Amino acid sequence: SIVTTVIFTGDWSLPVKEAEAANGLIDQGCDVLTCHVDGPKVIVETAEKRGVMTCGYHASQAALAPKGYLTGAEWNWETPYRAHVAAAQSGAPMINFLRGGLKEGFVKTSAYGPAV
């Protein structure tokens, strides 16, 4: 069976709490970590040091975890930038809200790591 455990650190970027959360989850037996923070570096590196698999966020963190990196979610900034540039070139009003996912090309998955 699969169990998902979530720890809220109460902040988007607090490396000490992120390391404590990652170590706490690993100590509880978690074998794969992922996160939703501004900078996943601490969590990815902690998982790698402790021999736990990880998934990244924002951009590929494969270089930070050469043994345990599985994949991740990356923002594809090309898609919204193209929409903004096209609007500016056509004289359309400034775009102030865009929404999209995989289907619309706003996000993509990182390349699979060697552990996959």
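Every number in this text was worked out from the coordinates using simple rules, so none of it is lab data. The structure presented is a predicted model; accordingly, all values stated were derived computationally and were not measured. Heads up, the Cβs are rebuilt from the backbone with ideal geometry, glycines too, and the neighbour counts pull from every protein chain shown.
Observations on the structure shown:
- Taking 0.36 nm per residue of separation and subtracting the Cα-Cα distance, full extension of the segment from Trp75 to Ala111 would add 11.6 nm.
- Between region 40-76 and region 97-116, the Cα center-to-center distance that results, in Å: 15 Å
- Report note on the peptides 91-99, 34-42: ranked by the mean count of other C-beta atoms within 10 Å, highest first, their order is 34-42, 91-99.
- Qualifying lysines (Cα of each under 18 Å from Cα of Lys17; at least 8 residues distant if same chain): Lys41, Lys49
- Our estimate of slack between His84 and Glu20, defined as 0.36 nm per intervening residue step minus the Cα-Cα distance, is 19.1 nm.
- Building the convex hull from the alpha-carbon atoms of the chain and averaging its projection over directions returns 8.9 nm².
- When the inverse distances between all different Cα atoms of region 15-72 are averaged and flipped, the Kirkwood radius reads 10.8 angstrom.
- Sites matching GluC sites (Glu not before Pro) across region 3-101 that sit in DSSP coil, with at most 16 neighbouring C-beta atoms within 10 Å: none
- Mean separation of Cα contacts under 8 Å, 6 or more apart, over the residue count of the chain: relative contact order %: 20 percent
- Straight-line cross-link partners of Lys67 among the aspartates and glutamates, defined as a Cα under 18 Å from its Cα and at least 8 positions apart when in the same chain: Asp31, Glu45, Glu48.
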